[in-house]
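For reference, the structure discussed in these notes is given below.
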Amino acid sequence: MAGLSVRATTREITAGASPNPNPKDDIRAIVRALNRTAAQARTGGARMVRASGYNLKASAIKRSFTIERATPSRLAVTLRATGRPVALINYGATQTKNGVTVRVKNGRKTLRHAFIATMPNGHRGVFERTGRGHRKVTKDGRTYMSGLPIRELYGPSIPDALLNDTVQKALANLIAGKYPAILAHEIAWLAGR
């Protein structure tokens, strides 16, 4: 599994700050800065996935992130995106006479043999037939035409979208740019209390 790792050193930032009378304040400032940077990276990551062309709601992207927060005993933060492939209905699916059009990434695409349907349990999705088409079926003494079996179609997952090189570089730059400023602010705030 691929990932993104960003390391930042706090020596240069803390060296330029006014000295805190309480050394625990430096640790507290680092923890707060790490956690705030992770929250901003989650928001920025959602924005970058959408900017790179993926037609997903920002709220759905943000929900896929989990943050393992920093603590005074663990001065590291982990931002992880998890999730399965996203149903194509969430990529702006529209039924047309030629099939279903979806906008997964940069432009609409027509899936000629697909259709949008609502299942008896209320689930709505984009489906395609996996058999040879409609066939005669006899059930309970009745004969009718059945188009089963069908399968639902999916697009890329949110972790796959985050593996895009453009998104990874932009996210690394955002983290590397935000963390020093947030840490300097936290140090100054704790020193001025």
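Since every read-out is calculated from the coordinates, none of them should be taken as a lab result. This one's a predicted model, so the numbers in the text were calculated from it and none came from an experiment. Heads up, the Cβs are rebuilt from the backbone with ideal geometry, glycines too, and the neighbour counts pull from every protein chain shown.
Subtracting the Cα-Cα distance of N35 and T143 from their residue separation scaled by 0.36 nm leaves 32.6 nm. Put the Cα centre of segment 26-87 next to the Cα centre of segment 148-162 and the gap is 23 Å. The packing ranking of peptides 176-186, 32-42, 76-86, highest mean first, is 32-42, 176-186, 76-86, where packing means the average number of other beta carbon atoms within 10 angstrom of each residue. Put a dot 7 Å past the Cα of R103, heading toward its Cβ, do the same for Y154, and the two dots end up 2.4 nm apart. Once backbone amide H atoms are built at 1.01 Å from N, G155 has V86, A87, L88 as its partners under 5 Å, excluding neighbours fewer than 5 places away on the same chain. The listed peptides 164-174, 110-120, 47-57, ordered by packing as a protection proxy, come out as 47-57, 164-174, 110-120 (highest mean of other Cβ atoms within 10 Å first). Each Lys or Arg adds one and each Asp or Glu subtracts one; over the other residues with Cβ under 11 Å from the Cβ of P85, this totals -1.
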